[in-house]
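**Student:** Once you've had a glance at the structure underneath, I'll fire off some questions.
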Amino acid sequence: MTMVKNQVVLDWVNEMAAMTKPEKVVWVDGSKEQLDEIKKIALETGEMMELNQEKLPGCLYYRTNPKDVARDEKRTVICTRNKEDAGPTNNWVEASEMYARMEKLFDGAMKGRTMYAIPFSMGVPGTEFAKIGIELTDSIYVVLSMAIMTRVNEKVIEELNNGADFTRCLHSKAQINEQEKYIAHFPEDNTIWSINSAYGGNVLLGKKCLALRIGSYLGKNEGWMAEHMLILKIERPDGSARYVCGAFPSACGKTNLAMLNPPEYFREKGYKISTVGDDISWLRIGKDGRLYAVNPENGFFGVAPGTSMKSNPNAMLTIQKDTIFTNVARNLDDNTVWWEKMGVDAPENGEDWQGRPWNGKTATEKGAHPNSRFTAPAANCPTIADEFFTGEGVPISAIIFGGRRAKAEPLVHQARDWNHGVFIGSAMASETTAAANGQVGVVRHDPMAMLPFCGYNMNDYFQHWIDMGKKMTNPPQIFHVNWFRTDENDEFMWPGFGDNLRVLLWMLDRCDGKAEAVETPLGYEPRPCDIHTEGLDIDEATLEKLLSVDKEIWKDEIKGIEEFYEKFDHLPKEIVENFEILKQKMAE
Ligand code: OXD
Ligand code: MN
């Protein structure tokens with residue numbers, strides 16, 4: 001193994017070890033031999049379990065503490081010197097106060113344990129987009145998950161030895177004490193400290209913590225963007241390839257859209273969809289004035305329930321090997337996994353996500369936790385795009401915002417220009433689902449789907465969007481979609497899933513200046529005849545309804561946006577202007 005020689009790195013690791021007091025420190029180089037050794041330890045101690053190696057080769061099972069099953073936004077903190085720099089949407093504790101509080105918790109937290117030091121790269125090491133981090137952790141689940149979700153290899157160590165800067169990530173599961181759990185970000189020090197959790201979103205520090213919260217802060221200072229967006233490649237029969245990014249709050253079908261399977265009619269014609277990313281985009285302006293995106297991750301950390309051969313066959317095929325399953329149910333007959341809406345019968349001889357005997361035929365409680373997950377290598381995905389592996393950035397034609405809206409939002413609309421699109425993103429909202437918190441249909445504003453992930457003052461984040469637009473000579477077109485519009489009987493009017501390609505094709509034609517549109521108060525919309533409906537059983541009246549904008553409903557929408565904006569004391573004037581235009585148009 002290449003040794004880490006960078007003295008800055010070694011000093012930091014020694015300092016963290018002096019505080020957390022592990023029995024020993026093990027550097028992780030990502031080699032299969034070493035990961036196999038580490039895996040063996042997790043199986044011996046019972047930290048993880050091996051699944052059926054014939055049916056699910058290389059797959060492991062992991063369970064978290066029942067109180068530690070999701071990202072904990074209340075315990076997630078942005079720690080800056082001044083409160084103003086964390087802004088109105090983040091929890092804030094003054095940085096030195098938080099260090100002092102957490103130093104007490106980290107003191108001796110790894111006693112009797114091994115500290116693993118994981119040098120990792122978000123993005124392909126050596127590319128313009130890549131950023132390096134080192135995560136120190138006492139959890140083997142974290143080691144094995146980081147080896148899937150990020151790039152852990154000798155190249156990263158070489159970069160560090162050449163003096164590369166890095167994000168200092170420290171994690172200890174400590175005692176999983178929920179009263180003393182913190183996921184703390186110190187953007188001014190390029191540092192993340194996480195303690196008392198072992199759930200992925202709180203402890204795989206490359207993902208939400210580095211790639212979004214710290215990433216968005218670095219992007220603001222360095223002139224790029226870190227966004228909660230999937231990246232999709234669409235190839236058309238004429239040989240043209242186009243790339244789009246999409247930002248959606250959770251439970252709005254982001255992973256499904258990223259792995260979309262074209263309807264048969266389009267497949268036969270030669271349309272092809274490939275996946276570049278399903279959750280995070282890093283975006284930079286190219287020399288040609290266009291916006292380029294990479295997916296900085298190396299794997300998928302997806303929600304299992306609802307994933308089936310029908311809803312997302314590509315995800316199902318991705319998770320057949322080398323995958324870690326967390327908090328799903330197990331079938332004890334053949335030591336495989338199961339979850340709700342998997343599309344196969346529930347096991348009678350099963351175990352639920354908490355390890356209790358569970359009979360899927362008679363059970364009244366769920367077998368899998370609603371936020372149970374799979375952690376799978378992106379390379380397993382049958383639709384993964386070649387560009388994912390180069391890490392070079394793909395030119396983005398369109399940015400799509402979306403939410404779950406029963407009535408207010410039409411199937412699709414296009415922003416008049418970049419600034420109007422930034423307004424649309426800043427005002428976007430989604431209705432909560434029963435699965436999420438029991439209150440159905442509560443509208444929650446979530447600008448650019450970044451509310452829990454923006455690592456600095458969101459006023460300034462909006463300004464950064466406006467400023468990026470000014471620097472681009474050929475910016476992406478911005479669209480808003482809503483796959484979830486319902487009719488008088490509360491039935492979805494749009495089929496969704498693969499058929500969403502039909503809407504994407506209109507967008508791409510708009511980007512190419514080839515499709516018609518009509519102007520509405522919200523922007524540009526297709527006429528029903530502009531949407532390809534070949535092979536789809538939908539009538540024009542339904543399409544009309546899907547595309548309609550109800551000014552009465554928008555009176556409340558506008559009130560909702562106004563209330564939401566009260567938080568922000570220095571919204572960019574371009575956003576305020578576009579809101580005024582909307583209000584005028586809705587009043588006409
Ligand atoms: C999320 C996730 O919570 O991707 O957004 O896990
Ligand atoms: Mn996400």
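**Student:** In Å², what does the accessible area per residue of the chain work out to with a 1.4 Å probe?
**Tutor:** Per residue, the chain has an accessible area of 39 Å².
**Student:** How much mean residue ellipticity at 222 nm does the chain get from its helices, if each DSSP H run of length 4 or more adds -39500 (n - 2.57) and you divide by all residues, to the nearest 500 deg cm²/dmol?
**Tutor:** -8000 deg cm²/dmol
**Student:** GluC sites (Glu not before Pro), restricted to segment 63-112: which are DSSP loop and have at most 16 other Cβ atoms within 10 Å?
**Tutor:** In loop regions of segment 63-112 (DSSP not H, G, I, E or B), the sparsely surrounded GluC sites (Glu not before Pro) are E73, E94.
**Student:** Reachable aspartates and glutamates from K208, Cα under 18 Å, same-chain residues fewer than 8 places away excluded?
**Tutor:** D68, D72, E73, E135, E188, D189, E227, D278, D279, E297, D446
**Student:** Measure nothing fancy, just the Cα-based angle from helix 573-587's long axis to the longest principal axis of the chain, in degrees from 0 to 90, nearest 10.
**Tutor:** In the chain, helix 573-587 runs at an angle near 40 degrees to the longest axis.
**Student:** May I pose another question? Kirkwood hydrodynamic radius (Cα pairs, Å) of segment 271-415?
**Tutor:** Across segment 271-415, the inverse of the average 1/r is 17.6 Å.
**Student:** From zero up to wherever the largest Cα-Cα distance of segment 1-132 sits, split into 10 Å bins and tell me the percent of pairs in each.
**Tutor:** Percent of pairs per bin, in order: 9, 23, 37, 25, 6, 0.
**Student:** Distance from the Cα centre of segment 292-342 to that of segment 163-203, in angstrom?
**Tutor:** Cα centres, segment 292-342 to segment 163-203: 26 Å.
**Student:** Please give the contour-minus-distance gain from E264 to R81: 0.36 nm per residue of separation, less the Cα-Cα distance, rounded to one decimal in nm. Please report the intermediate quantities before stating the final value.
**Tutor:** Values: separation 183, 0.36 × 183 = 65.88 nm, distance 5.58 nm.
Between E264 and R81, full extension yields 60.3 nm more.
**Student:** Obtain the radius of gyration and the Kirkwood radius of the chain from its C-alpha atoms and give Rg over Rh.
**Tutor:** Reported Rg/Rh, Kirkwood definition of Rh: 0.96.
**Student:** Helix 458-471 versus the longest principal axis of the chain: what angle, 0 to 90°, nearest 10, using Cα atoms?
**Tutor:** 60 degrees
**Student:** In nanometres, what is the gap between the two model label sites at K470 and A100, each 7 Å from Cα along Cα-to-Cβ?
**Tutor:** 4.0 nm
**Student:** Please identify every one of the trypsin sites (Lys or Arg not before Pro) in segment 465-541 that sits in a loop by DSSP and has no more than 10 other beta carbons within 10 Å of its own beta carbon. Show your work: numbers first, answer last.
**Tutor:** Values: sites: K470, K471, R485, R502, R510, K514; in loops: R485, K514.
When the trypsin sites (Lys or Arg not before Pro) of segment 465-541 are filtered for loop state and at most 10 Cβ neighbours within 10 Å, K514 remain.
**Student:** Helix 140-149 versus the longest principal axis of the chain: what is the Cα-based angle in degrees, 0 to 90, to the nearest 10?
**Tutor:** On a 0 to 90 degree scale, this one is about 40.
**Student:** List the aspartates and glutamates whose Cα lies under 15 Å from the Cα of K407, skipping any in the same chain that are fewer than 8 positions away.
**Tutor:** K407 reaches E431, D487, E488, D490, E491, E544, D550, E552, D556, E557.
**Student:** On the protein heavy atoms, probe 1.4 angstrom, tell me the percent of accessible surface of the chain carried by carbon and sulfur.
**Tutor:** Ligands and nucleic acids excluded, carbon and sulfur give 47 percent.
**Student:** What full-extension length gain, to one decimal in nm, is calculated for E552 and N161 as 0.36 nm per residue of separation minus the Cα-Cα distance?
**Tutor:** Taking E552 through N161 to full extension adds about 134.6 nm, to one decimal.
**Student:** Modelling each spin label as a point 7 Å along the Cα-to-Cβ direction, I'd like the K585/N14 distance in nm, to one decimal.
**Tutor:** Between K585 and N14, the simple spin-label model gives 6.2 nm.
**Student:** Take the alpha-carbon centre of segment 444-483, take the same for segment 65-120, and report the distance between them in whole Å.
**Tutor:** 26 Å
**Student:** Follow-up question, since we're still on this one. List, in the order given, every pair from K471/K555; K514/K559; K181/K559; K321/K341; K366/K559; K55/K366 whose Cα-Cα distance in the structure shown is over 28 Å.
**Tutor:** Distance filter (> 28 Å) returns K471/K555; K514/K559; K181/K559; K366/K559.
**Student:** Something else now. Can you tell me the FRET efficiency between T2 and T364 if r is taken as the Cβ-Cβ distance and R0 is 41 Å, rounded to the nearest 0.05? Present the calculation step by step, with values, prior to reporting the outcome.
**Tutor:** Details: r = 54 Å, r/R0 = 1.32.
About 0.15, to the nearest 0.05.
**Student:** How long are the three semi-axes of the equivalent ellipsoid of segment 540-588, in whole Å, if each is the root of 5 times an eigenvalue of the C-alpha gyration tensor, listed from largest down?
**Tutor:** Working: eigenvalues 139, 27, 20 Å².
Listed largest to smallest, the semi-axes of segment 540-588 are 26, 12, 10 Å.
**Student:** Too long at a 30 Å Cα-Cα cut-off: which of K40/K67; K310/K585; K207/K551; K207/K287?
**Tutor:** Listed pairs above 30 Å: K310/K585; K207/K551.
**Student:** Give me the distance between the Cα centres of segment 538-577 and segment 349-415, rounded to whole Å.
**Tutor:** 27 Å
**Student:** Where a Cα-Cα gap under 12 Å defines reach, which aspartates and glutamates qualify for K111, not counting those fewer than 8 residues away within the same chain?
**Tutor:** E23, D138
**Student:** Quickly work out the D189-to-T520 label distance, labels modelled 7 Å from Cα along the C-beta direction, and quote it in nm with one decimal.
**Tutor:** 5.0 nm
**Student:** How much length would be gained if the chain were fully extended between E235 and C529, taking 0.36 nm per residue of separation minus their Cα-Cα distance, in nm to one decimal?
**Tutor:** 103.6 nm
The values are calculated or read from the model by the stated rules, or taken from the named source; none is laboratory data. Quantities reported herein were computed from a predicted structural model and do not represent experimental measurements. Methodologically, a virtual Cβ is constructed for each residue, glycine included, from the backbone with ideal geometry; neighbour enumeration extends over all protein chains shown. We work out accessible area using only protein heavy atoms, side chains counted, and drop any ligands, DNA or RNA first. Shrake-Rupley method; radii C 1.70, N 1.55, O 1.52, S 1.80 Å.
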